[in-house]
Amino acid sequence: MSPDILLTGVGTVGAWGAGSDRLAQALAAGTALASEVDRAAGYHRPEGARLACLTPPGQLGEWLSPAESRRMSPPSKLAVAAARMAMRCAGLPGRDEAGTATVVATAFGPSTNTEGLLKQILNEGPEAASPSLFTESVANAPAAQIAIACKATGPSLTVCQREAGPLLALGSAAAELAAGRARRALAGSVDEMTPLLHALLDRFGALARGSSAGEEAARPFDRRRNGFLAGEGAGLVVLETAEGLRERGGRALARVLAWGSAFDPTAAVTNWGTGHQSLARHLLRTLGRAGLAPADVDLIVSGASGSREGDRLEARVLRAAWGDAPLPPVTAPKGVTGEYGGGLLGAAVLAAAGSPCGPTAGFAEPDPELGIVPHDGSGLPPPATVLVTSLAAGGAAAWVVLGRP
Amino acid sequence: MVSGEAAGTGRPVAVSGFGAVCGLGWGVAPLWEALRAGRGAIGPFRRFDHTEHRTHLAAEAGEPPADFLRAFPERKRLSIADRFALFAAREAMAQAGLPAPLDGETEAGVWFGSSTGGMFESEEFFREFLRDRRRARISVLAAQQVNAPGDAVARHLGVTGPVRTLSSACASGALALGAALDAVRSGEVEVAVAGGADSLCQLTYAGFNALRSVDETPCRPFRACRAGMSFGEGAAVLVLEPLERVLARGGRPLAILAGAGASCDAHHMTAPDPSGTGAAAALEAALRDAGLPAEAIGFVNVHGTGTPLNDAAEFQALRRVFGERAVEIPLVATKALVGHLLGSSGALEAVVTILCLMYGELHPVPGGAAPDPELPVALVQEEPRPLDGAPAAVSTSLAFGGSNAALVFSRWVDRAA
């Protein structure tokens, strides 16, 4: 029989600053945390997107030593800081985590280091390549640095599955605990948003643009949506077995009830597909693993980001899963936090722990095709069951079901 | 009566098909033929201009078979790593006797490892982008993502179940196989397509050269003169199914994937823990998962990069697990012939481990180099060696960042035959 898996700590850093309290405040306010991207390098088109949900400077001093700050890439710094916040939240010292698993998702890896290294190689020649830049250019650098910082000697996994990564990481970590390969896990996601990455996402047509319909903003489920706001940051959680928590005497924030994933092979490499019926079957199967039906879900924390096609697929999947029944309240935190980083995961944990859900930033006009009007920020009873969703461009999909501890 | 040897904990999981691409050829047959002969692929290469790099050797995969790409309407958008992955997946599915694409009823998933995905193409884009923003074709970048090879396989096979790419550097492929094993054992899927793909690119070539981790001659794992790794490229894919499913549909298992284990050194970003503690933990976890004692292992397909520190740490790990047997148990060092395939090395070495079990023969590496008196191992050299020990083996993958993975395979024995 699988053990009970509890979520005992959360740490986040992003456009909202450092700490899940700040994320909770931002989500309650329901205002996008966008700021101007540095376009000085000339990567952007003149008419291109200008805004992203960027981590303000000076957030990590409390969490990293000067030596760590010097040697780590930006995503490693974000991830280690968020991991330490999560450990503190869980009431753990976080320095001797023998046997603890580390599972971290990243969509793009350490982009600053990769860009710097490529410039050295292409502009100055390969012998100019910096060993320290290279060391921290690998996708698993954040997971490795967390493991080193916490002395976490359990399995170390890095998941790269774009927007589905954060929930896949949570599910993979839960699987490590369920299989008895670890009694504790640090799981989450991290990404940085460099000017180059921002410009390239914009050239792909993925980002929100200003238009006659309004200023540049993510508008999840809104009729006027035209792309997402790119985000950055990290969200890490501590998972433990109930038995392990009982032995050390801590408290839980939420329970991981189920996790699942699927793929839509109709999706093009950079877009969402049309396979909502199959995805809905897998979503229902995920709920079924916890003995749940759609009617048992009290709140959906949706990965909808304001993407034209992504939100459409998300709505179709949810509608197909619920059939004729009404959907529970749906909230879309990426309107506040942006896409990528740790916003979705952090928001999901906060919601499951009873933190108030604010209005979905950017939403004003329902899209009749989608048939979803996200939660308006009015008071909700604390949910007993929260479904968290994330559909990735390229076809991947992941769900996690959280419950009361 | 049919049964698996050392079928592992939980329901037995069979390898029903495999496919491979590497410097020794496109397909498993040329790979095994060259390995048996101890013939390596590490030599001059043309993937990119390496004139200004510190070293000048790699095991480059040649051109694909002439008609292979015709099956892919989107071929112009496929990265080299995608092409490796798709070839290996099609070969694996064909050997397993499964259709590609799968029928819509089969619960299937894809678990893949990759270190850099389409970085080679990304470099080409970035070079053009730095030169002229307007001329650089953004579509080239679409295949850059690390998850692109695994996704390409899933898309091609029409997979609707779980799809996950793991990117834990050199352990990625082995970790992907471990995750796939979980999914088959638990009943989450009936068919798991698992492996890895990576192509040569300047970023990793220059990066490892900057670390002075690349040998100027073909790598010499566990030898006294070893001076670093050699790069390779390619892909390997294994099809995993419940043993009873393979037998029920009249298939023939190639081997049993009996166990998987993973750990982290939590020691240093690039240097392994010299005590070998972390690597040993992965090995012990894999044996525990397989329900086998160390004595049941007949040979080890070592990570064996040929770097002074890695081989020394791996030997310490072998001593921790095998005790005095660490100096006797035969070691197979595949990287000496195909180079280091980074995120796909664990998958390719899994295929090689199975080939050794199937044919009862351990492939050699070139002889001649003096042994390291500090590492008195029984490296298979010069001539193939009959597998006269236990019909089970372990393959290790020890990565950058301290991520370790180990896989235990056992020979399939058809007792009815």
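The values are calculated or read from the model by the stated rules, or taken from the named source; none is laboratory data. Predicted model, so just to flag it, every value in this text is computed and none were measured. Using ideal geometry, Cβ is built from the backbone for each residue, glycine included, and neighbour counts are taken over all protein chains shown.
Is it true that A:ALA29 is surrounded by fewer than 16 Cβ atoms within 10 Å (Cβ to Cβ), of a type in the set (A, V, I, L, M), out of contact with any His (no Cβ under 8 Å at 6 or more places or on another chain) and within 14 Å of another protein chain (Cβ to nearest Cβ)?
Here the answer is no, as A:ALA29 does not meet what is asked.
For B:GLU244, are the conditions met, namely being surrounded by fewer than 20 Cβ atoms within 10 Å (Cβ to Cβ) and either within 20 Å of A:VAL138 (Cβ to Cβ) or more than 14 Å from chain A (Cβ to nearest Cβ) (or both)?
yes
What pairs come up if the first residue lies in segment B:270-297 and is buried (at least 19 other Cβ atoms within 10 Å of the Cβ), the second is of a type in the set (Lys, Arg), and their beta carbons are under 6 Å apart, counting only those six or more places apart or on different chains?
Here the result reads B:GLY276/B:ARG320; B:ALA280/B:ARG320, each pair linking segment B:270-297 to a residue that is of a type in the set (Lys, Arg).
Based on what the data block shows, is A:TRP16 touching a Lys or Arg at 6+ places or on another chain (Cβ under 6 Å), in contact (Cβ under 8 Å) with a residue 12 or more places away in the chain and either within 30 Å of B:GLY402 (Cα to Cα) or surrounded by fewer than 18 Cβ atoms within 10 Å (Cβ to Cβ) (or both)?
Spelling it out, it is not the case that A:TRP16 is touching a Lys or Arg at 6+ places or on another chain (Cβ under 6 Å), in contact (Cβ under 8 Å) with a residue 12 or more places away in the chain and either within 30 Å of B:GLY402 (Cα to Cα) or surrounded by fewer than 18 Cβ atoms within 10 Å (Cβ to Cβ) (or both).
Identify all residues within segment A:118-142 that are over 16 Å from B:HIS50 (Cα atoms), within 7 Å of chain B (Cβ to nearest Cβ) and not in a loop (DSSP other than H, G, I, E, B); write none if there are none.
A:PRO131, A:PHE134, A:THR135, A:ALA141 - these are the residues of segment A:118-142 that are over 16 Å from B:HIS50 (Cα atoms), within 7 Å of chain B (Cβ to nearest Cβ) and not in a loop (DSSP other than H, G, I, E, B).
Out of all the residues in segment B:377-417, which are touching a His at 6+ places or on another chain (Cβ under 9 Å), farther than 17 Å from B:GLY306 by Cβ and surrounded by fewer than 24 Cβ atoms within 10 Å (Cβ to Cβ)?
Residues satisfying the conditions are B:PRO384, B:ARG385.
Within segment A:323-342, identify whether any single residue is surrounded by fewer than 24 Cβ atoms within 10 Å (Cβ to Cβ), farther than 21 Å from A:GLU216 by Cβ and among the hydroxyl-bearing types (Ser, Thr, Tyr), and answer yes or no.
no
So which of A:PRO220, A:PRO166 ends up being crowded, with 24+ Cβ neighbours inside 10 Å, in contact (Cβ under 8 Å) with a residue 24 or more places away in the chain and either closer than 17 Å to A:GLY9 by Cβ or within 13 Å of chain B (Cβ to nearest Cβ) (or both)?
A:PRO166
Please tell me if B:ALA260 is within 11 Å of chain A (Cβ to nearest Cβ), buried (at least 24 other Cβ atoms within 10 Å of the Cβ), touching a residue at least 40 places away in the same chain (Cβ under 8 Å) and out of contact with any Pro (no Cβ under 7 Å at 6 or more places or on another chain).
The answer is yes for B:ALA260.
Among the residues of segment B:123-151, which ones are in contact (Cβ under 8 Å) with a residue 60 or more places away in the chain and under 16 Å from A:TYR43 (Cβ atoms)?
Within segment B:123-151, B:GLN144 is the sole residue that qualifies.
Can you confirm whether B:SER213 is in contact with a Pro (Cβ under 6 Å, 6 or more places away or on another chain) and not aliphatic (A, V, I, L, M)?
In short, no.
Among the numbered conditions (1) free of Cβ contacts under 8 Å to residues at least 12 places away in the same chain; (2) farther than 24 Å from B:GLY173 by Cα, tell me where B:GLY104 comes up short.
If we test B:GLY104 against (1) free of Cβ contacts under 8 Å to residues at least 12 places away in the same chain; (2) farther than 24 Å from B:GLY173 by Cα, just (1) comes out false.
Of all the strands (runs of 3 or more DSSP E) wholly in segment B:324-417, which have at least 1 residues that are of a type in the set (D, E, K, R)?
B:403-413
Just checking, which of A:THR389, A:THR385 is under 14 Å from A:GLY303 (Cβ atoms) and among the polar types (S, T, N, Q)?
The conditions single out A:THR389.
For segment A:183-207, which positions are under 30 Å from B:ALA281 (Cβ atoms) and modelled with pLDDT under 95?
A:ARG183
Would you call B:ALA154 within 7 Å of another protein chain (Cβ to nearest Cβ), under 28 Å from A:ALA268 (Cβ atoms) and in contact (Cβ under 8 Å) with a residue 40 or more places away in the chain?
Spelling it out, B:ALA154 is indeed within 7 Å of another protein chain (Cβ to nearest Cβ), under 28 Å from A:ALA268 (Cβ atoms) and in contact (Cβ under 8 Å) with a residue 40 or more places away in the chain.
Do we find a residue being within 7 Å of chain B (Cβ to nearest Cβ), more than 22 Å from A:ASP38 (Cβ to Cβ) and part of a helix (DSSP H, G or I) anywhere in segment A:106-117?
No: segment A:106-117 contains no residue that is within 7 Å of chain B (Cβ to nearest Cβ), more than 22 Å from A:ASP38 (Cβ to Cβ) and part of a helix (DSSP H, G or I).
Here is a list of conditions, (1) in contact with a Cys (Cβ under 7 Å, 6 or more places away or on another chain); (2) within 19 Å of A:GLY48 (Cβ to Cβ), and B:THR165 meets all of them except one; can you say which number that is?
The single condition B:THR165 does not satisfy is (2).
Suppose we keep only residues that are assigned to a helix (DSSP H, G or I) and among the polar types (S, T, N, Q) within segment B:108-159. Which one would you say is surrounded by the most Cβ atoms within 10 Å (Cβ to Cβ)?
B:SER122
From (1) at the interface with chain B (Cβ under 8 Å from one of its Cβ atoms); (2) farther than 28 Å from A:GLY303 by Cα; (3) part of a helix (DSSP H, G or I); (4) not charged (D, E, K, R), pick out the condition that doesn't hold for A:ALA149.
(1)
Quick check on this structure: which one of B:ALA210, B:ALA194, B:ALA206 is within 13 Å of another protein chain (Cβ to nearest Cβ) and in contact with a Leu (Cβ under 8 Å, 6 or more places away or on another chain)?
From the options B:ALA210, B:ALA194, B:ALA206, the qualifying one is B:ALA206.
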